[in-house]
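Taking it in order: structure first as structure tokens, then the write-up.
The values are calculated or read from the model by the stated rules, or taken from the named source; none is laboratory data. Just so we're clear, the structure is a prediction, and the values are computed from it rather than from any experiment. A quick note on method: Cβ atoms are made from the backbone with ideal geometry, for glycine too, and the neighbour counts reach across all protein chains shown. Heavy atoms of the whole protein, side chains included, go into the accessibility calculation; ligands, DNA and RNA do not. Shrake-Rupley method; radii C 1.70, N 1.55, O 1.52, S 1.80 Å.
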Amino acid sequence: MNTLVLNASYEPLAVVSVRRAIILILTEKAVVEHADTEKLIRSATRELPTPLVVRLLRFVRVPYRRKVPWSRGGVLERDARRCAYCAGRANSIDHIVPTSRGGAQRSWLNTVAACVSCNQRKADRTPSEAGMSLLIEPFEPKAHRALVLALGVTVAAELPDWLIASTA
Ligand SMILES: [Zn+2]
């Protein structure tokens, strides 16, 4: 059974499992707008009517554009400000294939967060030339990340098909 999730602005946002909806309610991220009072769901400590429609308390901005524009700040955020070479605190961007060697300059796939010392050590070389290896695989962020964060949904199957189709 599923529950419809509305944005704070009452626009339909997603369909999640009843279990996920209850977690949103119990963690005070959402309120019940409509419930089936004849079907009770028991948790360890209480009984709840089955939520059919819940509404998020905080507005979620869902970017519908397919491609997230590249930015230095975006790369740092994507990599959680950890250096891709040593996992230390990163405050710079490394071009995996240096731009001086033909690497793309504004590409999610050619850039990673890096600390200053790794960045200087690597200099104008590729990771293999510098004898350094990437701890992470760079990826292009997907627009549905905002919704994933807001709903705590980690399994893609829990996201509605139309959303995956529009952002993938
Ligand atoms: Zn480093």
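Loop-located GluC sites (Glu not before Pro) in region 1-98 (DSSP state other than H, G, I, E, B) with a sparse environment of at most 13 neighbouring Cβ atoms within 10 Å: Glu28.
Here the 3J(HN,Hα) profile of region 45-61, calculated from phi with Karplus coefficients 6.51, -1.76 and 1.60 at θ = phi - 60°, is 10, 8, 10, 10, x, 4, x, 9, 9, 10, 10, 5, 7, 9, 5, 9, 8 Hz, Gly and Pro shown as x. Ordered by 1.4 Å accessible area with all protein chains kept, Cys86, Cys115 run largest first as Cys86, Cys115.
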